[in-house]
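J.: Below: one structure in structure tokens.
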Amino acid sequence: MLCRTKTKSLALALVCVVVLVCAARAQTTVTLLTGETRTIDIQSISAEGEVQLDGDGATIKLADIRSIEKPAEPPPHADIASFDVLLAGGGKASATSIQLSDEAVRIVTGCGELKGTIDLLRSIQFSSDKSNTEYTTACEKPPENNDLIFVRIDNKVQSLRGFVLSINDQSLTYEWAGEEHSVARDSLFGVVFVALGGSVANDEGCTVRLADASLIVGVLVSLDGELAVKLPDNSTAKIPWQFVARVEVHSPRLAFVSDLEPAAVEQQPIVTLPQPHQRDKSVSGGPLKLGGVTYDKGLGVHSHSRLDFDIQSEYQLFVATIGIDAATNGKGDCFFVVLGDGTEVLRKRMRGSDAPKRISLDVVGVDQLTLLVEPGEALDLADHGNWCDAVLIRKE
């Protein structure tokens, strides 16, 4: 039987398909842990996590950054049809070609080449039809003993078991029961590889989005013309900076309140029907929206609402943007109240016509954080309160 070993010494290289221009870098928008944004030029990032800024030589710590976003050059071959290759740790390559031989893999994307070992592969979906239930289930829970090869036979998708040996533009070869078999490439629906472990903890790594929508997930090592990212198998991706559109830093200091479980919940409307609080959605189930801005994270509530969170003195700041959800069309009137161990530290009246309010509160030594939304005038009609981008920031 074929035996795979994890090769940690091989490096993953993302090779630029155009000449890298090392002149002035495009200006970037840096979002700090607090949600504050700064528009600056980034010159480099050291292996020690110091981010060198353009101009006066100032630096900021990578650990204080939530995201880096910048204009990215479009991929030079964006018109070529692509397919999805899922990588270890949650990465994804939007591939135009893939070659696998002797456990070494070469993935061509619109932004360059990705080279590594077969251990970096989680799945490949060659077909644009994403409706096969068995394939989707296998991707969610990868096989433990054999690769699964999905093939179209008589207009139906069927699965084969074995160890994938090679893939090229013409065929896929696999081993089963000591024999080699081949499948024509144009009949392949997809492949799900044996689960070999290897992942990046969400609070230790970063996610890099490229201009062709590829994602590289790993630990940010440095930036010096190329962005170096250490991957789950200890190989390193070197990504040309001009193709990088966004870097999301998974800071161990940051906790989204919507990811925490409340210790206690109290919801008591006056004249409306009860509406439970929503995580990462408005209380009506739509996107969290204040003014013209839509937020991915936060809590949507209806007054009267009380949410208690046990935070055990672990945090330094509570930061959020508060207001009445834009779906009320300017209606609603309520009070946003924050308590620290029962002591009121904020009370802010917000009407549906008011601009959103950014708050930043000291929670050092606080064991229980309470978020209250209480009705103002007009009872509780249209009191769709949003705690948008609500985060707790740990002490340094």
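J.: Tell me, please, whether a residue that is aromatic (Phe, Trp, Tyr), in the same structural domain as residue 228 (by TED's automatic domain parsing) and assigned to a loop (DSSP other than H, G, I, E, B) can be found in the stretch 125-132.
T.: Looking for residues that are aromatic (Phe, Trp, Tyr), in the same structural domain as residue 228 (by TED's automatic domain parsing) and assigned to a loop (DSSP other than H, G, I, E, B), one finds at least one in the stretch 125-132, hence yes.
J.: Moving on to the next point. Pick from the stretch 75-87 the residues that are at pLDDT 85 or above and crowded, with 23+ Cβ neighbours inside 10 Å: which of them is nearest to residue 167 (Cα to Cα)?
T.: Only one residue tops the list, namely 85.
J.: Could you tell me which numbered condition residue 307 fails, if it satisfies all but one of (1) out of contact with any helix residue (DSSP H, G or I) (no Cβ under 9 Å at 6 or more places or on another chain); (2) under 17 Å from residue 269 (Cα atoms); (3) not polar (S, T, N, Q)?
T.: With (1) out of contact with any helix residue (DSSP H, G or I) (no Cβ under 9 Å at 6 or more places or on another chain); (2) under 17 Å from residue 269 (Cα atoms); (3) not polar (S, T, N, Q) applied to residue 307, the lone miss is (1).
J.: Of all residues in the stretch 266-278 being surrounded by fewer than 17 Cβ atoms within 10 Å (Cβ to Cβ) and either in a strand (DSSP E or B) or among the polar types (S, T, N, Q) (or both), which is modelled with the highest pLDDT?
T.: 266
J.: Could you please give the count of residues in the stretch 135-168 that are closer than 26 Å to residue 217 by Cβ, of a type in the set (D, E, K, R) and at pLDDT below 95?
T.: 3
J.: With respect to residue 293, determine if the residue is surrounded by 21 or more Cβ atoms within 10 Å (Cβ to Cβ), among the β-branched types (Val, Ile, Thr), under 30 Å from the mean Cα position of the chain (by Cα) and within 24 Å of residue 275 (Cβ to Cβ).
T.: no
J.: So, one more: Of all residues in the stretch 234-265 being small (Gly, Ala, Ser) and under 20 Å from residue 315 (Cβ atoms), which is surrounded by the fewest Cβ atoms within 10 Å (Cβ to Cβ)?
T.: 264
J.: Considering only the stretch 106-115, how many residues are outside any loop (DSSP other than H, G, I, E, B), buried (at least 23 other Cβ atoms within 10 Å of the Cβ) and in contact (Cβ under 8 Å) with a residue 24 or more places away in the chain?
T.: The qualifying residues number 3.
J.: Being in contact with a Gly (Cβ under 9 Å, 6 or more places away or on another chain) and among the β-branched types (Val, Ile, Thr) is the filter here, so list the residues in the stretch 89-119 that pass it.
T.: Selection gives 96, 105, 107.
J.: Go through the stretch 361-388 residue by residue and tally those that are of a type in the set (A, V, I, L, M), touching a Ser or Thr at 6+ places or on another chain (Cβ under 9 Å) and either within 24 Å of residue 296 (Cβ to Cβ) or not assigned by TED's automatic domain parsing to the domain that holds residue 346 (or both).
T.: Final tally of qualifying residues: 5.
J.: So if I check each of 93, 24, 72, which one is modelled with pLDDT of 85 or more and either farther than 23 Å from residue 217 by Cα or not in a strand (DSSP E or B) (or both)?
T.: 72
J.: Okay, next question. Can you name the strands (runs of 3 or more DSSP E) wholly within the stretch 201-254 that have at least 1 residues being assigned by TED's automatic domain parsing to the domain that holds residue 31, within 18 Å of residue 112 (Cα to Cα) and at pLDDT 90 or above?
T.: Where strands (runs of 3 or more DSSP E) fall fully within the stretch 201-254 and carry at least 1 residues being assigned by TED's automatic domain parsing to the domain that holds residue 31, within 18 Å of residue 112 (Cα to Cα) and at pLDDT 90 or above, they are 206-210, 215-224, 226-230, 244-249.
J.: Out of the stretch 177-197, which residues are surrounded by fewer than 16 Cβ atoms within 10 Å (Cβ to Cβ), at negative phi and either free of Cβ contacts under 8 Å to residues at least 40 places away in the same chain or among the aromatic types (Phe, Trp, Tyr) (or both)?
T.: Residues satisfying the conditions are 179, 180, 181, 182, 184, 186, 187.
The values are calculated or read from the model by the stated rules, or taken from the named source; none is laboratory data. Remember, it's a predicted structure, so these values are computed and weren't measured experimentally. Positions of Cβ are backbone-derived with ideal geometry, glycine not excepted, and every protein chain shown enters the neighbour counts.
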